[in-house]
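Structure first, commentary second.
Here, each number is a calculation from the coordinates, and none is a lab measurement. What you see is a predicted model; the values in this text were computed from it and never measured. Positions of Cβ are generated from backbone atoms using ideal geometry, with glycine treated the same way; all protein chains shown enter the neighbour counts.
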């Protein structure tokens, strides 16, 4: 709805300033077919898998600590042992419980840190990719003397700014070529 008043003003000004040139671009397609975006998505998935392996290793360590704690708990209650042996097991249990609490804090801290790192990586990557796409789109628009570029997402028309257009050039292929051309 915000675009409608802008379009009306642009059409009014176009009659004064000359012809208004409008093109469309499919931003979702640009993001899907931009090679650097694909590579960034793969790097993110790899980093996420590395994080999951690290967390899985910590979970195994946590299970081991829980198992040892349970064994010491049972041994501390075993009447077949002497009173001094049961006392030793109970003291071992207290130490193991302290280790378990320390481990829980360590696990929570590492998990939170890795999640924050992933979120930061994702935000930085999205910003860089978005900047690349917008810069390439703007450059094509300027090169072709375009006044207005509308997002005409083919995959999800409701996500774009255009539901229908007739005889409006689409510059998606040109922008993709610009994005994916080899850089020296």
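A few comments on the model shown:
- Computed over the chain, Kirkwood Rh from alpha-carbon pairs, angstrom: 21.9
- Result for the chain in a Gaussian network model with C-alpha springs under 10 Å: among 46, 78, 26, the largest mean-square fluctuation is at 78.
- Largest mean-square fluctuation among 105, 133, 162, in a Gaussian network model of the chain whose springs join Cα atoms under 10 Å apart, belongs to 105.
- Once both labels are positioned 7 Å from their Cα atoms along Cα-to-Cβ, the gap between residue 100 and residue 139 label points is 6.0 nm.
- Projected label distance in nm at residue 108 and residue 36, using a 7 Å step from Cα toward the beta-carbon: 4.1
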